[in-house]
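Peer 1: What follows is a structure written as structure tokens; I'll ask about it next.
Only the coordinates and a few stated rules stand behind these numbers; no lab work does. Values in this document were obtained by computation on a predicted structure and should not be read as measured data. FYI the Cβ positions are ideal-geometry reconstructions off the backbone, even for glycines, and counts take in every protein chain you see.
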Amino acid sequence: MHQHEIAHGIVENHPLLADLPAYLRRKKCAIKTREFLCKGMRFVYPKTLWLALNAEDAEEVAGRQALNDGQAAEALLDWVSGKRVFRRFVLDLRGVTIVDFGPILQFQKGLKNRLHETFFLGDSVVVGLLKNYGIPESEVYNDLTLLFDRLRRLDHLQVHDVRMTRLQSPNSLDECLLNQAKITDIAESDVLRLEFSDVSNPCFSAISMLAPAIHSIAHRNGSLVTLSGLENKTGSMLVEDYGAFRPVYAYLLDNLPQPKPGLRRVANIFPMHCFTGDELWDIGELVRSTQREMLTLRPEWLKAVTRLPEHPRASSLTIRADAFSNLLNLVKELIDNAAQHSQGLGYVMMALEPYSGLDIYVGDTGVGLVKGLRKKYRLDVRSDAAAMNYIMNLKTHREQRKRVGGFAFGGRGLDKVGSIVGEYNGSISLRSGSAGAEFRPKESRLPRVLAGRLYPVQGTHFHINIPTPREQP
């Protein structure tokens, strides 16, 4: 399945760059200047801006010369310092043949007053010229790989430590991050070091949210993550059994033994996989075949869920077949929803334990519930917590759906999910933005528990539990 290798190189269109065009427009920078700067501006992890200064035609040369204009350069410098995220800057002079170094060096001087480090990248001729201008050798590179290695060397980075003390409840990960990874802490650091040595018996929902939390921190703050304390049995379970970090492997500084997609060490666990809309069929087939195998290997669980007698009649066999089909459709609906509506990356993970039952996680890195409901349903949703009151009742808002290309978006799939989960007395836990909710669809389509002020995560995340029925005393 899809891997997030983008974090290993130069990233175009990173979310942290999204507001640059509007900012330069407000500052009344010339159109050619804006176009050149926005086209050349990239991002490199961790927290590094990267400006490519090569020009392909006369118009782009004119745009680059705008750096000679103090207004354009000052506007860009103000944007950099105003974001309070970036800590270093690379001026990429590869492919540049004729350039006036004076304005560029003046711009670099302004950067050094605002950021921790600045670097130049160019061919050997450019490197020689820069050294003649007095630029220290430690700030000039003619090898892209060496520069990347320098940007990611841990001994040159500011590291903030987060000790994972509890991962035994759905909100325990939020508690750790809220208490130890505050926005101010992340702003002053390049890397979060997550320490797992005190973690034991982590619950499914907390494990499943590790990758989304890391992804959210990377996209929102430009940070990377390093891991420690994974040498014990719990670490082996997180890395190899559940594949908890595989979707965000590129955002890690560690060289972990990541399991390959599709491979499982434990029969009752479908480890974390990620996918895009283009991979919907592939991930769907993989999940369905794995889920069939998991349910087939646990016939006593399926019998308990459907309350089948020891010697089932034909009607009871039909009930079990229907349950089998319903549970397969449950995951399919969630995957379809993530792939078609999130506009981001999808995640899926499953586990079937005799005591706790069937746990399913499907999430995405998309726009989240608030923006999704505003866009697709024209609902006046003001907060993540308020969105939780709508999500399992979208069937009642069909008339408010926008129609795109003649088709109505959303609602039916989640309504079906609620019906299936309710039939088997299950629960749905939902996370989006800084809010979370728990639903018991058999009782109500409104949240049974609603929590706000959680650690903010991108996208929308569903956790479903179909419990193992307990014997009545």
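Peer 1: Rounded to the nearest 5, what % of the DSSP beta bridges within the stretch 157-259 are antiparallel ones?
Peer 2: Close to 0 percent.
Peer 1: Viscosity 0.890 mPa s, temperature 25 °C: what is the translational diffusion coefficient of the chain from Stokes-Einstein with a Kirkwood Rh over Cα pairs, rounded to a whole number of µm²/s?
Peer 2: 100
Peer 1: Leaving out same-chain residues fewer than 8 places away, which aspartates and glutamates sit with a Cα under 13 Å from that of residue 182?
Peer 2: Reachable aspartates and glutamates: 161, 174.
Peer 1: Which ordering of 148, 439, 245 is given by a fewest-first count of other beta-carbon atoms within 10 Å? Walk me through the intermediate numbers first.
Peer 2: Numbers: 148 17, 439 26, 245 22.
In order of increasing Cβ crowding within 10 Å: 148, 245, 439.
Peer 1: Helix-only estimate, please: 222 nm mean residue ellipticity of the chain, summing -39500 (n - 2.57) across DSSP H runs of length 4 or more and dividing by its residues, to the nearest 500.
Peer 2: Values: 18 runs with 180 residues, N = 473.
Mean residue ellipticity, 222 nm, calculated: -11000 deg cm²/dmol.
Peer 1: So, one more: Using the structure shown, select from 27/47; 39/376; 27/112; 32/83 the pairs with a Cα to Cα distance greater than 27 angstrom.
Peer 2: With Cα atoms farther than 27 Å apart: 39/376.
Peer 1: From the backbone phi of the stretch 125-134, what are the Karplus-calculated ³J(HN,Hα) couplings (6.51 cos²θ - 1.76 cosθ + 1.60, θ = phi - 60°) in whole Hz, Gly and Pro given as x?
Peer 2: Per residue, the Karplus-derived 3J(HN,Hα) values read 5, 4, 4, x, 5, 4, 5, 5, 7, x Hz.
Peer 1: According to a simple spin-label model (label point 7 Å from Cα along Cα-to-Cβ), what is the distance in nm between residue 382 and residue 220?
Peer 2: Placing both labels 7 Å along Cα→Cβ, they lie 2.2 nm apart.
Peer 1: Additional query: Hey, could you grab the Kirkwood Rh for the stretch 89-188? Inverse mean 1/r over distinct alpha carbon pairs, Å, one decimal.
Peer 2: Details: mean 1/r = 0.0607 Å⁻¹.
This gives a value of 16.5 Å.
Peer 1: Roughly what % of DSSP beta bridges within the chain run antiparallel, to the nearest 5?
Peer 2: 65
Peer 1: Taking the alpha carbon gyration tensor of the stretch 5-152, what are the square roots of 5 times its eigenvalues, largest first, to the nearest whole Å?
Peer 2: Equivalent ellipsoid of the stretch 5-152: 21, 19, 15 Å, largest first.
Peer 1: Place the peptides 100-113, 267-280 in order of packing, highest mean first, counting for every residue the other Cβ atoms within 10 Å and averaging per peptide.
Peer 2: Final packing ranking: 267-280, 100-113.
Peer 1: For the stretch 147-235, which semi-axes, largest first and in whole Å, follow from the square roots of 5 times the eigenvalues of its Cα gyration tensor?
Peer 2: On the way: eigenvalues 107, 44, 25 Å².
Semi-axis lengths for the stretch 147-235 are 23, 15, 11 Å.
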